[in-house]
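Structure record follows, encoded as structure tokens.
None of the figures in this text is laboratory data; all of them are computed from the coordinates on show. Computed from a prediction, not measured in an experiment: that's the story for all the values here.
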Amino acid sequence: MVVPTDRSTLICTIWTEKFYNLESFKAQMKSIWKTKKNFEITTVGQNLFLLEFDLDEDLEAITEGRPWFFRKSVILFDRLTKQIKRAQIRLTSSPFWIKIGSCLPEIDKNDLLHAIGVTFGGVIRSEINGNLCRLKISLDVQKPLRRGIFVSTKNFNKSW
């Protein structure tokens, strides 16, 4: 059973089959996450960790800065608010930004971003800056990455 403490807590895993040095992971995270207050990393299972923050603001900054990587493997997080059995923990998705190239002028950009985001697993946030668009999506790491998708316009033209 994994039980949260009275501190702001994340449950995390590294999405890898490779062996890694646990102390190296802890040291790297402590060096790249510039938190205002202390945080601790505790092992609660094989490749399963609790991240306990003294300050909720630090936890929010870490989750907002995702995705994070350790030795080219993505680190998956979820906020731990209630106790849970280890076997019930499912850490399988992480937010990623995807860049959408120049949008065709005849396409409504908001509709386009929503349609693209849904195919990847869900839209978290979208940003439009002139012709350039980007999309923060929730990506399921168990599924293969897509290199792109075809978009059809009203006049049935398809673009990649």
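Summed over qualifying helices (DSSP H, 4 residues or more, each -39500 (n - 2.57)) and divided by its residue number, the chain shows a 222 nm mean residue ellipticity of -6000 deg cm²/dmol. Applying 0.36 nm per residue to the separation of R66 and T43 and subtracting their alpha-carbon distance, the gain on full extension is 6.2 nm. Compared with the direct C-alpha span, the chain from I128 to D6 gains 40.0 nm at full extension, assuming 0.36 nm per residue. The value obtained for segment 8-88, namely the Cα convex hull volume divided by the number of residues, is 93 Å³ per residue. On the principal axes of its alpha carbon atoms, segment 61-149 extends 50, 25, 22 Å, with the longest extent given first. Close lysine pairs were tallied over segment 8-88: pairs 8 or more places apart or on different chains with Cα atoms under 28 Å apart number 20. At a threshold of 8 angstrom on Cα-Cα distance, excluding pairs fewer than six apart, so keeping six or more, what relative contact order does the chain reach in percent? 22 percent. Given the choices [x] 27; [y] 45; [z] 69, percent of Cα pairs over 24 Å apart derived from the coordinates of this structure is entry [y].
Taking every alpha-carbon pair under 8 Å whose residues sit at least 6 apart, segment 93-159 reaches a relative contact order of 38 percent.
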